[in-house]
Structure formats: structure tokens, C-alpha cells
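Structure record follows, encoded as C-alpha cells.
Values in this text are rule-based calculations from the coordinates and carry no lab data. These figures come from a predicted structure and were not determined experimentally.
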């Protein structure tokens, strides 16, 4: 992988981390506003946080797919990789997403639970 594409990928990851911070901030503010009785703000902040978390998952998957397409060919897999230091060495390797990626997916699902609960309460109140 060339120096330029590596720099672009590192910049991209910086943007992903920034979006993750904003998503966590929104979800935290949603929790606080829920405790303060501001249900409409809580719902909106929770929804925005979840949208950002879904965007992070999508951005990271697509970005990583593009980088691995150029370098090793696929996001997840295993095989022999050629490593060139002083001489070329073939190494058996396996690669793929680590626990952090799956942790974001899990947290997105968990963040949706209060949102669905709030929607259920809203529609229940509308029927009365």
C-alpha cells in the first residue's frame, strides 16, 4: 500500500473517530434529557446518535473494503502474504474485522432499544 493511500486512510479513520465521538455525545445527551423529563429532545438525540452509529459502521466497512481491495484483495480471509524486508518471505496470515467493529454494531443495536420503547409508548398514547 503506497504512502498516499495510507495517509488518506488514516485521515479517513480520524473522521470516523470524530463521528463516533459526536454519536456518543448525542446518546449521552439523550440519556440526560430523558432523566430530566425532556422526552422529545431525548428521542431526537437518540435517533441522531443511532443514525451516526449506522453511518460509522457503513463508512468503516466501505472504507476498509476499498483499502483491502487494493492491498490484499478482500476484507476478511486468510492466505499467504508476501512480506519484503531484506528478502521476500511468505507468511500464512488471516485478517478481518476485530472486536471493536462488532462492538459498534452491538452498541447500535442496544441504543435502538430505548428508541423502540419510546416509539411503542408514543403509539400506545396515540391510541388512547
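Key figures
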{"item": "The stretch 2-52: radius of gyration and largest Cα-Cα distance (Dmax), Å", "result": "15.5, 53"}
{"item": "The stretch 55-105: proportion of alpha-carbon pairs further apart than 16 angstrom, %", "result": "51 percent"}
{"item": "Euclidean distance between Cα centres, the stretch 1-67 to the stretch 108-122, Å", "result": "18 Å"}
{"item": "Compactness of the chain - radius of gyration and Dmax, Cα, Å", "result": "20.4, 76"}
